[in-house]
Amino acid sequence: MDPIHQFNITKFYILGHIGGHEIAITNSALFMFAAVAIIIGGMLIATARRSLVPGRAQSVVETSYEFVADMVRQSAGESGMKFFPLVFTLFSFILVLNMFGMIPGLFAVTSHIVVTVFLSLVVFLTVVIYGFWHNGFKFLKLFVPSGVPVYILPLIVAIEVMSFFSRPISHSVRLFANILAGHITLKVFAGFVALLGGLGIAGWVGALLPLALTVALTALELLVAFLQAYVFAILTCIYLNDAIHPGH
Amino acid sequence: MRRQGESSNLAKALRLSSEFVAGIVLGGLIGWGIDHFAGSSPWGLIVFLLLGFAAGTLNAMRSAGLVAERGTGKKD
């Protein structure tokens with residue numbers, strides 16, 4: 001009945017120790033492996049036939065390719081397509097993990113902030129490293145808006161730098177908080193059904209309301225699961241756009 | 001296809017609030033860290049919290065499309 005219990009990490013197999021820290025296969029790691037296996041396996045099976053007129057599975061894969069490719073082209077331009085593998089990996093990985101979380105009894109990996117922070121740091125470091133590698137010190141022009149009077153420029157630059165460094169925070173917290181809050185709400189409403197049901201016949205009638213809400217929330221959470229994967233991917237494109245064209 | 005995840009107002013609200021809060025949290029952390037290591041309490045916290053507040057506001061306005069994207073002169 002505890003709504004937090006579903007986020008417990010359990011260790012299945014301890015691999016060894018590195019510097020006093022236990023390295024173990026947890027349920028979180030297991031679901032990540034499963035997600036990768038499903039994505040790669042699904043892609044390979046669906047595209048194995050390579051028919052000109054795609055079958056059902058092949059057209060799902062083709063549609064998702066077009067979907068992500070359009071997103072990258074619109075947000076980061078044609079030269080952003082070199083980052084397509086990164087964006088597609090992030091999108092499909094997060095989407096599958098979120099969908100795992102929607103299956104009752106399975107574990108929602110993206111409800112742990114350490115996972116989402118790592119994903120957003122991958123994006124952030126890619127932006128910083130590629131930005132400096134591609135543009136050199138012109139990358140720093142990102143922080144200097146044009147047409148600002150000199151006497152307030154230091155303040156503006158400080159604010160822009162802070163705004164830049166707050167990106168991985170908002171990028172990761174958004175995904176984590178949405179999934180966490182959604183799952184807790186679902187669990188609490190579903191818990192009401194069982195609690196009210198314990199009161200007898202009148203309780204079962206009263207339990208209809210939270211039951212209906214749970215059904216509605218499940219539909220909403222399915223939407224959120226997709227939407228958050230999409231938002232994560234599109235923000236990745238927008239951030240990469242800064243690395244590709246700083247200051248235009 | 002709907003764009004930018006702006007399809008639902010809830011998604012928009014969550015997006016804007018997380019942008020705003022991220023700026024303040026970062027400012028608070030940096031300020032607290034500077035005070036902790038330089039012993040300049042409370043000035044680091046005051047200055048960086050204010051900067052973080054400004055950065056958070058800028059983030060939120062930028063993601064609402066009210067301020068031009070960084071580095072460009074054009075409004076989007």
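Counting only helical runs of four or more DSSP H residues, what would the 222 nm mean residue ellipticity of chain A come to if each run contributes -39,500 (n - 2.57) and the total is spread over all its residues?
-24000 deg cm²/dmol
Label the stretch A:15-150 by shape, choosing from rounded, prolate and oblate, from the square roots a ≥ b ≥ c of the eigenvalues of the Cα gyration tensor; if a/c is under 1.5 it is rounded, and otherwise prolate applies when a/b is larger than b/c, oblate when it is not.
Judged from the Cα gyration tensor, the stretch A:15-150 comes out oblate (a/c at least 1.5, b/c at or above a/b).
Jot down the radius of gyration and Dmax of the protein assembly as shown, Cα atoms only, both in angstrom.
Rg then Dmax for the protein assembly as shown, in Å: 22.6, 74.
Among the trypsin sites (Lys or Arg not before Pro) in the stretch A:1-74, which ones are in a DSSP loop with at most 14 other Cβ atoms within 10 Å of the Cβ? Mind listing them?
When the trypsin sites (Lys or Arg not before Pro) of the stretch A:1-74 are filtered for loop state and at most 14 Cβ neighbours within 10 Å, A:49, A:50 remain.
If each of residue A:144 and residue A:195 carries a label point 7 Å out from its Cα toward its Cβ, how far apart are those two points in nm?
For the pair residue A:144/residue A:195, the computed spacing is 5.9 nm.
Is the C-alpha gyration tensor of the stretch A:1-61 telling us rounded, prolate or oblate? Criteria: a/c under 1.5 is rounded; beyond that, a/b larger than b/c is prolate, otherwise oblate.
Oblate is the answer for the stretch A:1-61, as a/c is 1.5 or above yet b/c matches or exceeds a/b.
Based on Cβ point charges of +1 for Lys and Arg and -1 for Asp and Glu, what charge dipole magnitude is obtained for chain A about its Cα centre, in debye rounded to the nearest 20?
260 debye
Read the figures in this text as sums done on the coordinates, not as results from a lab. This structure is a prediction, so every number in the text was calculated from the model and none was measured. Note that each Cβ is placed from the backbone with ideal geometry, even for glycine, and that neighbours are counted across all protein chains shown.
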